[in-house]
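Asker: Handing you this structure, nothing more for now.
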2 protein chains.
Amino acid sequence: MQRNPIDRFFSIIPAGGIGSRLWPLSRASAPKFLHDLTGSGQTLLQDTWDRLTPLAGRDRILVVTGKVHKSAVLDQIEDLSTDNLVLELSPKDSTAAIALAAAILMRREPDVIIGSFAADHVIGDSEQFAQTVREAVEVAATGRIVTIGIEPTEPSVGFGYIKRGENLELEQAPNAHQVIKFVEKPNIDKARRYVESGEYLWNAGMFIAPAALLLEQVQKSEPALYASLMEIAAAWDTDERKVVMEKTWPKLKKVAIDYAVAEPAALAGLVAVVPASFTWHDVGDFAAIAELQSQGRRGNLAVLGNAKVLADSSSGILVSDTDRLIALIGLEDVIVVDTPDALLVTTKEHAQRVKSLVDALKATGHEDVL
Amino acid sequence: MQRNPIDRFFSIIPAGGIGSRLWPLSRASAPKFLHDLTGSGQTLLQDTWDRLTPLAGRDRILVVTGKVHKSAVLDQIEDLSTDNLVLELSPKDSTAAIALAAAILMRREPDVIIGSFAADHVIGDSEQFAQTVREAVEVAATGRIVTIGIEPTEPSVGFGYIKRGENLELEQAPNAHQVIKFVEKPNIDKARRYVESGEYLWNAGMFIAPAALLLEQVQKSEPALYASLMEIAAAWDTDERKVVMEKTWPKLKKVAIDYAVAEPAALAGLVAVVPASFTWHDVGDFAAIAELQSQGRRGNLAVLGNAKVLADSSSGILVSDTDRLIALIGLEDVIVVDTPDALLVTTKEHAQRVKSLVDALKATGHEDVL
């Protein structure tokens, strides 16, 4: 007998990605998702966890993260059992992370519907989020890969877009549409046309699908990667896990799930989209943090962290990871990020340039501060 | 037989003043004069010392500084003997510092001509400086209190001014003029009129005078202070120094030498001025440091200290007292001062506001970082 779709649901949180544009706060050793970037008192990972627990319970959430973050993740998520923690030996991009998790879950539960939700996004309304995901799970149960699309609020060039087609006319999912195609980050002219047309949504990288269907797509587009992941999944809940991981993991191909799954599946007519009824932010840079930050404001300055701050007619954001006294005088839209071994000062206008600075640090042998 | 004026000359370096506008680099514990603010590789105190040694030799320079700076001063000036080091128990302003030094020297050498030169000013050409001081010493030997005036380069409201009168027509000092009066820091309109008139020079606080004449002025305007200083001076080179200092010093009146000596002496017609033939700067704030800094520039950014710096199209000044990596992106005329326990970020335009910030720190109980 077929279970209810929501009873088959299992969340996956791929917790990876350093967030270069948030250097020096976000580091290889302490990436974005381990930080409280909203002033909520919780880290982004904890917020993500709390948002997912109402959907299928705290026992049906699996976290995929780097081996080096094991203790930080377990410290932050008390309810996470090690059974639901997949540790990567090294970063292998999103297909390996999500498809391995899907394969492990499918061996435990063949009809599982998985949903993948990044650990480092900010979502406004948890209730609305849950409702949208439930609708997406209903659509997934009809044999589709479902993504959640965000209504664009501006012609952003920072996101990929989803072109939606006809409404699928599903009784349990009245808002679900066919996806015609995914398009990569556009230039500003294209972005404007996309937004004006009303046919495009932002791709927030959320996927809900029967594990079997998702893995079928991986098998079609990346057969070698698929075979390796199946081998690891078969060994996962056995004594062989360590041996197989160490042999197989380092050779896995790095490929984004958008290429391996979403784009080919959309062209095959297998993808649907449910538009989000919640606000969403990927907190891509410090300018975004300043906007999100509602707590700890001093006048026009958003303050994140426990710094002693003396701000004299300054606006912008101050992020502090030290207990030093920080004095700002007469600065407009400034970004100051103070950490024990590195200091960044820039302006909101240049927030996106932090990434190229991190690249420059790599190139000049400053890996110690990355 | 009367000695040659220059053979009677003895320099005094009052090394006091925290330099609030240079916080957090300049501190109560490490004031301005103990720092290299020009990138010369020497501190301002060392530069001052080196500028004075050609005048009368390294044995004829006396330093007056706070007790707490004893070891720092002796570390920086290897040639300074403790005979020529006067340690204040607490700050008592410039009359106490300079008049005590003058009184001690006069007891050792009754016809001594003293010259007082701040420890924290920057002077461009040492040879020209020496020449100007030699001329001032000649004038002092005629029984005058002599100041060195700086030709104004702009209508500054940050300095007091000296109104000069007739040339004194002295053979040994062709550039010496009578001083009509000293005027305090003016507003901008007055400053403009002063500069346009050609009759005014900046008061750089340098005084050259027979010790006896200077002390006579102190006796007239501040008789109680004079009596106390004489008591200390009498005990100085005896076993009684410590006892008398501890009894007398804490009660000394705080008064600037401009009020106690320069202004009344000028009104009595006793003051002369020799215009400086050298460039002079009091390095009042970080904007000034940026201008003075010729070493260690990265493009348009002046860098003081040993920070690892990554500056991406930024101008201004970075002063570092740590070995942290500092990244600046897209900042114009910025001032960043990075010290182990305090960070300041502002702009050149607001450099003068650092002083009020320090006042605010005092008011809010942050003495630990002052």
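The values are calculated or read from the model by the stated rules, or taken from the named source; none is laboratory data. Nothing here was measured: the structure is a model prediction, and the numbers come from that model. Methodologically, a virtual Cβ is constructed for each residue, glycine included, from the backbone with ideal geometry; neighbour enumeration extends over all protein chains shown. Calculation scope for accessible area: heavy atoms of the full protein, side chains included, ligands and nucleic acids excluded. Shrake-Rupley method; radii C 1.70, N 1.55, O 1.52, S 1.80 Å.
Asker: Residues to consider are B:Glu135, B:Glu127, B:Glu196; find the one that is among the charged types (D, E, K, R), open to solvent by less than 40 Å² (accessible area, probe 1.4 Å) and assigned to a helix (DSSP H, G or I).
Answerer: Working: B:Glu127 fails: open to solvent by less than 40 Å² (accessible area, probe 1.4 Å); B:Glu196 fails: open to solvent by less than 40 Å² (accessible area, probe 1.4 Å).
When all the criteria are applied, what remains is B:Glu135.
Asker: Hey, another quick one. Determine whether B:Ala351 is surrounded by 17 or more Cβ atoms within 10 Å (Cβ to Cβ) and out of contact with any Asp or Glu (no Cβ under 9 Å at 6 or more places or on another chain).
Answerer: The answer is no for B:Ala351.
Asker: Being at pLDDT below 95, among the hydroxyl-bearing types (Ser, Thr, Tyr), over 20 Å from A:Phe9 (Cα atoms) and in contact with a strand residue (DSSP E or B) (Cβ under 8 Å, 6 or more places away or on another chain), is that true of even one residue in segment A:38-51?
Answerer: Yes, segment A:38-51 contains at least one residue that is at pLDDT below 95, among the hydroxyl-bearing types (Ser, Thr, Tyr), over 20 Å from A:Phe9 (Cα atoms) and in contact with a strand residue (DSSP E or B) (Cβ under 8 Å, 6 or more places away or on another chain).
Asker: Moving on. Among the candidates B:Thr248, B:Thr238, which residue alone is part of a loop (DSSP other than H, G, I, E, B) and surrounded by fewer than 21 Cβ atoms within 10 Å (Cβ to Cβ)?
Answerer: Just a single option satisfies the conditions, and that option is B:Thr238.
Asker: Can you pull out the helices (runs of 4 or more DSSP H) entirely within segment B:40-123 that have at least 2 residues that are over 25 Å from B:Val146 (Cα atoms) and open to solvent by 40 Å² or more (accessible area, probe 1.4 Å)?
Answerer: Where helices (runs of 4 or more DSSP H) fall fully within segment B:40-123 and carry at least 2 residues being over 25 Å from B:Val146 (Cα atoms) and open to solvent by 40 Å² or more (accessible area, probe 1.4 Å), they are B:70-76.
Asker: A follow-up question, please. Quick check on my filter: what residues within segment A:156-182 are in a loop (DSSP other than H, G, I, E, B) and aliphatic (A, V, I, L, M)?
Answerer: Of everything in segment A:156-182, those that are in a loop (DSSP other than H, G, I, E, B) and aliphatic (A, V, I, L, M) turn out to be A:Val157, A:Leu168, A:Ala176.
Asker: Quick one: in segment B:301-322, which of the residues that are of a type in the set (S, T, N, Q) and at pLDDT below 85 is farthest from B:Thr347 (Cα to Cα)?
Answerer: Per the criteria, the residue is B:Asn306.
Asker: Kindly indicate whether A:Gly205 is under 15 Å from A:Val273 (Cβ atoms) and touching a residue at least 12 places away in the same chain (Cβ under 8 Å).
Answerer: Judged against the criteria, A:Gly205 is a match.
Asker: Name the residues in segment B:251-289 that are closer than 30 Å to B:Gly39 by Cβ and open to solvent by 40 Å² or more (accessible area, probe 1.4 Å), would you?
Answerer: Here is the first cut: in segment B:251-289, the residues closer than 30 Å to B:Gly39 by Cβ are B:274-289.
The answer is B:Ser277, B:Thr279, B:His281.
Asker: Just one of (1) touching a Phe, Trp or Tyr at 6+ places or on another chain (Cβ under 6 Å); (2) in a helix (DSSP H, G or I); (3) not polar (S, T, N, Q) trips up B:Trp202, so point out which.
Answerer: Here B:Trp202 clears every test but (2).
Asker: Looking at segment A:291-347, which of its residues are within 21 Å of B:Leu357 (Cα to Cα) and without any contact (Cβ under 8 Å) to a residue 12 or more places away in the chain?
Answerer: Those that are within 21 Å of B:Leu357 (Cα to Cα) and without any contact (Cβ under 8 Å) to a residue 12 or more places away in the chain: A:Arg297, A:Val345.
Asker: Could I ask something else about it? Any residue at all in segment A:115-126 that is in the same structural domain as A:Glu222 (by TED's automatic domain parsing), in contact (Cβ under 8 Å) with a residue 40 or more places away in the chain and of a type in the set (D, E, K, R)?
Answerer: Yes, segment A:115-126 contains at least one residue that is in the same structural domain as A:Glu222 (by TED's automatic domain parsing), in contact (Cβ under 8 Å) with a residue 40 or more places away in the chain and of a type in the set (D, E, K, R).
Asker: Just to be sure I understand the filter: pairs with C-beta atoms under 9 Å, separated by 6 or more residues or on different chains, first member in segment A:83-105 and more than 22 Å from A:Val243 (Cβ to Cβ) and outside the structural domain of A:Phe207 (by TED's automatic domain parsing), second member open to solvent by 30 Å² or more (accessible area, probe 1.4 Å) and modelled with pLDDT under 95. Which pairs pass?
Answerer: From segment A:83-105, no pairs qualify.
Asker: Now for a different question. Within segment A:182-193, can you find the residues that are open to solvent by less than 80 Å² (accessible area, probe 1.4 Å) and not aromatic (Phe, Trp, Tyr)? It would help to see each step written out before you state the result.
Answerer: Initially, segment A:182-193 is screened for residues open to solvent by less than 80 Å² (accessible area, probe 1.4 Å), giving A:182-183, A:186, A:188, A:191.
Of everything in segment A:182-193, those that are open to solvent by less than 80 Å² (accessible area, probe 1.4 Å) and not aromatic (Phe, Trp, Tyr) turn out to be A:Val183, A:Pro186, A:Ile188, A:Ala191.
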